[in-house]
Amino acid sequence: MTIRRVLVIKLGALGDFIQAMGPFAAIRAHHPAAHITLLTTMPFVEMAEACPWFDAVWVDDKPSLWQPAKLMDLRRNLRAGRFDRVYDLQTSDRSSSYFRLMGKAPQWSGIAPGCSHPHANVHRDLMHTIERQREQLAMAGIKEVPPPDLSWVKSDLERFALPQPFALLCPGGAAHRPGKRWPGERFAALAVWLAERRIGPVLLGTDKEAAQLAAIAEACPDAVDLTGRTSPLDIIALAGAALAAVGNDTGPMHLIAAGGCPSVVLFSHESDPGLCAPRGKVTVLRRPSLADLGEADVEAALTRLLDGL
């Protein structure tokens, strides 16, 4: 069968989206002449449209069972796409349900019951995301999955008036999971430590983290606070120019690691680096509670990274 129209499903979250970039490139390389559509969610549209691997980007509003009109719209669009093959890289209950929505189902790589190219490994949930997706694609006939090449990312960094050299600090994280955050005062101490070594601390975060980052900037006047001013593409470009980075287990650290920046990523026992840690020039520091991780441990790990450059 000639595969002319391909659908790739990746709905989120940010770290998972970044770790799917190698598979995105592999799917494009395997189907160089096909029309490839990505189905994703609104937070990832800008980045997806900038990627070189897709001909179209569709937004999934993730309608619930209580929104039958939107479900029917989704069903209609999926069927109208006339896809010959689907690569479900989300492999959730939701994305698997789209297999049934499509009616006369196309070839399907994923975990949907009855699909043509199942990821048939009962231990798949115990695999790191990178290995899991690589094996899934191998079972669908795609044998080579490269590391992500983000050389296509463009961003004007001059508007940030950055110090040289500089290091990125990502003190934020999901508000509903405070156990994944290293204490803000320790990030402040680390910022001062960097400034004393003439490495400019650059703070990254969203508007929801503004108060925390403002406190760090107050403790370290040499810090550059970019709270709420950076897109994912900006962060990748910043990673390419930064000397190093330190941050919690959060989406921006996946962007930074994928951008090639030597990084120290901080984990508590609320998440397992064996399943989801960023890949690249990455040092993982893990404690049962991040309150038990001292500044000296992070400074030592960062020093080892810097000495290796």
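The values are calculated or read from the model by the stated rules, or taken from the named source; none is laboratory data. Note that the structure is predicted; figures quoted are calculated from it, not measured. We place every Cβ from the backbone using ideal geometry, glycine too, and count neighbours over all the protein chains shown.
Structure above, values below:
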item	result
Qualifying residue in the stretch 265-277 (condition: crowded, with 24+ Cβ neighbours inside 10 Å, within 30 Å of Glu49 (Cβ to Cβ), without any contact (Cβ under 8 Å) to a residue 40 or more places away in the chain and in contact with a Pro (Cβ under 7 Å, 6 or more places away or on another chain))	yes
Residue within the stretch 237-248 that is under 17 Å from Pro183 (Cα atoms), of a type in the set (A, V, I, L, M, F, W, C) and either in contact with a Cys (Cβ under 7 Å, 6 or more places away or on another chain) or surrounded by 19 or more Cβ atoms within 10 Å (Cβ to Cβ) (or both) present	yes
Residue satisfying condition, being touching a Pro at 6+ places or on another chain (Cβ under 6 Å) and under 25 Å from Pro52 (Cβ atoms), within set Arg134, Arg159, Arg85	Arg85
Meets criteria (surrounded by fewer than 18 Cβ atoms within 10 Å (Cβ to Cβ), out of contact with any His (no Cβ under 6 Å at 6 or more places or on another chain) and in a helix (DSSP H, G or I)) for Gly228	no
Top-ranked residue of the stretch 237-289 - restricted to ones that are closer than 19 Å to Ala191 by Cβ and of a type in the set (S, T, N, Q), ranked as modelled with the lowest pLDDT	Thr250
Test set (1) within 30 Å of Pro288 (Cα to Cα); (2) modelled with pLDDT of 95 or more; (3) surrounded by 14 or more Cβ atoms within 10 Å (Cβ to Cβ) - Ala174 fails condition number	(2)
Matching residues in the stretch 150-174 - criterion: being out of contact with any strand residue (DSSP E or B) (no Cβ under 8 Å at 6 or more places or on another chain) and closer than 16 Å to Gly15 by Cα	Leu150, Ala174
Unique residue being part of a strand (DSSP E or B), buried (at least 18 other Cβ atoms within 10 Å of the Cβ), modelled with pLDDT of 95 or more and not small (Gly, Ala, Ser) when the list is Leu168, Leu213	Leu168
Residue match in the stretch 178-189 (condition: farther than 17 Å from Asp249 by Cα, surrounded by 15 or more Cβ atoms within 10 Å (Cβ to Cβ) and modelled with pLDDT of 95 or more)	yes
Flag for Val8 being without any contact (Cβ under 8 Å) to a residue 40 or more places away in the chain, of a type in the set (A, V, I, L, M, F, W, C) and closer than 30 Å to Gly280 by Cα	no
Qualifying helices (runs of 4 or more DSSP H) (wholly inside the stretch 41-121; at least 1 residues being out of contact with any helix residue (DSSP H, G or I) (no Cβ under 6 Å at 6 or more places or on another chain), among the basic types (Lys, Arg) and under 25 Å from Gly15 (Cβ atoms))	93-101
Search result, residues across the stretch 72-100 that are touching a residue at least 24 places away in the same chain (Cβ under 8 Å) and over 25 Å from Arg132 (Cα atoms)	Leu74, Arg75, Leu78, Arg79, Gly81, Arg82
Residue check, Gly259 in contact (Cβ under 8 Å) with a residue 40 or more places away in the chain and surrounded by 19 or more Cβ atoms within 10 Å (Cβ to Cβ)	yes
Considering residues of the stretch 78-106 that are charged (D, E, K, R) and over 24 Å from the mean Cα position of the chain (by Cα) only, the residue surrounded by the most Cβ atoms within 10 Å (Cβ to Cβ)	Arg85
Filter result for Ser109 (hydroxyl-bearing (Ser, Thr, Tyr), surrounded by 14 or more Cβ atoms within 10 Å (Cβ to Cβ), within 23 Å of the chain's Cα centre (by Cα) and under 26 Å from Asp234 (Cβ atoms))	no
Total residues in the stretch 21-67, condition among the charged types (D, E, K, R), touching a residue at least 40 places away in the same chain (Cβ under 8 Å) and either over 24 Å from Ala257 (Cβ atoms) or not assigned by TED's automatic domain parsing to the domain that holds Arg94 (or both)	2
